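The values are calculated or read from the model by the stated rules, or taken from the named source; none is laboratory data. What you are looking at is a predicted structure, and each value in this text was computed from that prediction instead of being measured. Using ideal geometry, Cβ is built from the backbone for each residue, glycine included, and neighbour counts are taken over all protein chains shown. Surface accessibility is based on the protein's heavy atoms, side chains included, excluding ligands, DNA and RNA. Shrake-Rupley method; radii C 1.70, N 1.55, O 1.52, S 1.80 Å.
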Amino acid sequence: MVIGLCISHRIVNATVLHKFSDEWAKASRIGIHRVDNIELSFSLAMLLPTREMVPESMYVLPLKPGLKTASKTFVFYRLAISSLWTNADNKGLKRLPSGLQFVTTVIWKALKHGKLRPSLIAHMLNLRGRTLLPISDDCCGNPIKPIFIRFFQEMSKNIQLQDLVSLVGDATTKTINECGKIDKGDDIFLMVNYSCREAGEEFERGGLDAYFFTSNCEMPFYQNFSWGKAVRDSHVQSQVQMIVLIGTKVGDGIESRTCLDENDMKLCQQDPDIITFTSTQQEELYDCPIFLRSRC
């Protein structure tokens with residue numbers, strides 16, 4: 001049996017979607033009358049009033065006409081990652097990266113294919129609980145801010161994994177600290193608009209590779225609708241080059257559901273770090289066919 005969910009992203013994002021599906025699964029297991037009433041909040045509209053016009057720069061990443069994408073799931077386990085954490089001092093790391101930051105960095109480095117071409121990644125940050133505003137965990141809408149992480153040619157002639165780890169960690173810490181000072185809805189708009197406009201100007205200049213990351217690692221996947229735990233949880237293939245990170249069904253690893261240009265995907269699969277830090281023991285359980293789709 002397959003359960004499919006289709007949503008309007010204007011109303012909910014992944015946080016609310018998975019909270020809804022988790023409560024739905026609980027109601028299926030124990031009965032609707034035994035589930036605590038959960039009322040979704042629409043108070044975000046009061047904190048972030050609508051505007052007459054949202055500039056085009058609010059789009060996080062540009063669309064590529066004619067893009068043909070390929071999808072594949074890579075599975076990263078802590079056991080494979082721990083070797084870097086254990087030898088962090090020898091690799092010149094300022095701080096130990098989180099698992100999410102490390103997986104992001106490994107994929108980003110693989111996407112660069114050893115080239116010095118400028119690149120930018122956008123990682124979505126959930127603003128629930130990140131600002132001084134009373135944004136509840138149950139609020140509908142999309143209270144998010146992209147963390148933009150940049151690599152320029154002049155940064156290094158020899159791209160090392162620890163260099164990119166530091167870029168990801170520094171940009172994440174800076175953005176979280178900035179968000180923690182916000183106490184007005186207008187300030188969120190201005191902050192997000194400024195960073196997106198700045199990234200949009202870089203896109204327009206050309207010569208920049210851009211990728212979109214989003215993390216659902218803390219969300220309830222693989223729910224039990226009373227028939228046992230779900231065997232697989234999957235996303236519809238993206239129309240942009242997008243990497244969705246979620247927690248593994250078993251253990252404390254991270255799945256990377258990766259959608260790339262089909263040529264980039266071939267190179268990414270052959271990257272030494274991807275091979276080193278991803279599991280081969282459970283490949284048959286997590287691998288999925290690669291589907292190609294042209295953008296409409």
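In the complete set of protein chains, residue-level accessible area for VAL75 is approximately 10 Å², probe 1.4 angstrom.
The calculated FRET efficiency for the pair HIS33 and MET219, based on their C-beta separation and a Förster distance of 22 Å, comes to about 0.30. The chymotrypsin sites (Phe, Trp or Tyr not before Pro) of segment 199-275 that meet both conditions, a loop assignment by DSSP and at most 16 other Cβ atoms within 10 Å of the site Cβ, are TYR222, PHE225, TRP227.
Within segment 243-278, find all residues whose amide N lies under 14 Å from a label point positioned 7 Å from the Cα of LYS68 along Cα-to-beta-carbon. Within reach of a label on LYS68, which here means backbone N under 14 Å from a point 7 Å along Cα→Cβ, segment 243-278 contributes 260-266.
For the pair VAL2 and SER136, label points projected 7 Å from Cα toward Cβ lie 3.5 nm apart. Using the Cβ-Cβ distance between TRP24 and SER98 with R0 set to 30 Å, the FRET efficiency from 1/(1 + (r/R0)^6) comes to roughly 0.50.
For the pair ASP183 and ARG197, label points projected 7 Å from Cα toward Cβ lie 2.6 nm apart. Assuming a ≥ b ≥ c are the square roots of the Cα gyration tensor eigenvalues, decide whether segment 179-279 counts as rounded (a/c under 1.5), prolate (otherwise, with a/b larger than b/c) or oblate. Note, shape of segment 179-279 comes out oblate.
Report the number of Lys pairs in segment 114-184 whose alpha-carbons are under 17 Å apart, with separation of 8 or more residues or on distinct chains.
4
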